[in-house]
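The values are calculated or read from the model by the stated rules, or taken from the named source; none is laboratory data. Quick caveat: nothing in here was measured; it's all calculated off a predicted structure. Don't worry about glycine lacking a Cβ; one is built from the backbone with ideal geometry, like all the others, and counts go over all protein chains shown.
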Amino acid sequence: MKRRRPSSYVSGFTRNKEEYPWLTEVNSQSLQSANKNLDNAFTRFFREKKGFPRFKSKKNPVQSFQVPQHYRVDFDRKQIRLPKIGEIKTVFHRHFDGKMKTVTVSVTSTGKWFISILVDNGEPLSKPASFAADTTLGIDVGLTNFATFSNGEKVANPRHLKNSLQRLKVLQRRVSRKVKGSKNRKKAIQIVARCHEKVANQRNDFLHKLSNRIVSENQAIAVETLNVAGMQKNHCLAQSISDVSWSSFFRMLEYKCECYGKTLLTIGRFDPSSKICNRCGYLNRDLRLADREWTCPDCGTHHDRDINAAINIKKFALQDQNLVGVTGAERAIEPVDSLPLGRGMKQEAPPLRAG
Ligand SMILES: [Zn+2]
């Protein structure tokens, strides 16, 4: 007789295992973590009204499972031992020390297997460094230029998906000509998946390099929160917007800032950053999306639309910090340890500290 566990889903599994013997072929803790994920998804759905949990099909291109404990990592023999699976030859991308937590095993649509291990190295996150107007960078993102900085630098949009679209179309057509369920169709699908993977790799490489450079060169970074999901409802732009992947970029900036002790400042999405003259504050209501350059009728400054927006984003963000008009580092404040970075919300200014 097996001992009954208090948690309801565990006892549920014991009952299921009699009915479906194949469940015993899998590590029981992996089953539990899958169940926990489902439980979380339902809780989120009921409490936060965030989308009904989606069924994870066996045909889903990305598959993964978790192993919370009872695994062993052997750096010398280049192996990882997983329960019920055994030794697995592994290529380690780095050596690590610390307390090992959950392992996630995943496979991509092209059949590449990955094991990622959550490790707690016990080191606290570095405290945010102080910043001032001259160590803060404003970033305006767009479709023509991926990013425009408040210092005037422009980063072109690499359009990775668009560059491969022609090839993808050809490959996709080859799939549709193959008999359904045939081996050749499977092979053709693999080739499409490989092409998609290449696009994703190119994009990630670009985003990681850019965000790394921005975070290492500046003490604080100001960005505008964008309603990306709302913008994608425009069907003409949806593909370009998902290709440009601003959300991933902002996510990378957010966690890299946290990791390296930098500050990410966000301004609300309703601040008209491109329509205001950054020199005199004149609001140009007639500015259309097609106007890439304009001259301020009030002070006569000639503006590049994107650079002006980037400067304004930096200005608004610093205004929220009570730092506008402050030159040099003499009045630089120490930012509060955890800045509230609510999505789509205007950030509360932290209290100024004397110093
Ligand atoms: Zn002006």
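Here's the yes/no breakdown for (1) out of contact with any helix residue (DSSP H, G or I) (no Cβ under 7 Å at 6 or more places or on another chain); (2) within 30 Å of Asp298 (Cα to Cα); (3) among the small types (Gly, Ala, Ser):
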residue: Val228; (1), (2), (3): no, no, no
residue: Cys259; (1), (2), (3): yes, no, no
residue: Ile267; (1), (2), (3): no, yes, no
residue: Asp271; (1), (2), (3): no, yes, no
- Query: Which pairs have Cβ atoms under 9 Å, sit 6 or more apart or on different chains, and link a residue in the range 294-308 that is over 17 Å from Asn145 (Cβ atoms) to one that is near the ligand (Cβ under 7 Å from one of its atoms) and of a type in the set (D, E, K, R)?
  - Reply: Cys296/Arg279; Asp298/Arg279; Cys299/Arg279; Thr301/Arg279
- Message: Of everything in the range 141-156, what is hydroxyl-bearing (Ser, Thr, Tyr) and under 11 Å from Val244 (Cβ atoms)? Give them in sequence order.
- Response: Thr144
- Within the range 167-202, restricting to residues that are closer than 17 Å to Gly111 by Cβ and touching a residue at least 40 places away in the same chain (Cβ under 8 Å), the one that is surrounded by the most Cβ atoms within 10 Å (Cβ to Cβ) is His196
- Item | Qualifying positions in the range 52-70 - among the hydroxyl-bearing types (Ser, Thr, Tyr) and touching a residue at least 24 places away in the same chain (Cβ under 8 Å) | Ser64
- Query: Is there a residue in the range 252-264 that is on the phi > 0 side of the Ramachandran plot and either away from the ligand (no atom under 14 Å from the Cβ) or touching a residue at least 12 places away in the same chain (Cβ under 8 Å) (or both)?
  - Reply: yes
- Query: How do the strands (runs of 3 or more DSSP E) wholly within the range 89-198 filter down when requiring 2 or more residues that are under 23 Å from the mean Cα position of the chain (by Cα) and of a type in the set (A, V, I, L, M): which remain?
  - Reply: 99-107, 113-120, 136-141, 154-156
- Pairs, first in contact (Cβ under 8 Å) with a residue 40 or more places away in the chain in the range 138-149, second surrounded by fewer than 17 Cβ atoms within 10 Å (Cβ to Cβ) and among the hydroxyl-bearing types (Ser, Thr, Tyr), C-beta under 6 Å, six or more apart: Leu143/Ser240
- The one condition in (1) among the hydroxyl-bearing types (Ser, Thr, Tyr); (2) over 31 Å from the mean Cα position of the chain (by Cα); (3) closer than 18 Å to Val155 by Cα that Ser274 fails to fulfil: (2)
- Checking Ala229, Ala222, Ala238 in turn, the sole residue that is in a strand (DSSP E or B) and under 30 Å from Lys275 (Cα atoms) turns out to be Ala222
- What residue, among those in the range 273-287 that are without any contact (Cβ under 8 Å) to a residue 24 or more places away in the chain and away from the ligand (no atom under 12 Å from the Cβ), is surrounded by the most Cβ atoms within 10 Å (Cβ to Cβ)? Leu287
- How many residues of the range 288-313 are more than 13 Å from the ligand (Cβ to nearest atom) and in contact with a helix residue (DSSP H, G or I) (Cβ under 8 Å, 6 or more places away or on another chain)? The answer is 3
- Query: Within the range 128-172, can you find the residues that are more than 26 Å from Glu224 (Cβ to Cβ) and not hydroxyl-bearing (Ser, Thr, Tyr)?
  - Reply: Asn163, Leu165, Gln166, Arg167, Leu168, Lys169, Val170, Leu171, Gln172
- Do we have any residue at all in the range 234-253 that's modelled with pLDDT of 90 or more and out of contact with any Leu (no Cβ under 7 Å at 6 or more places or on another chain)? yes
- The one condition Thr135 fails out of (1) surrounded by 15 or more Cβ atoms within 10 Å (Cβ to Cβ); (2) at pLDDT 90 or above; (3) polar (S, T, N, Q) is (2)
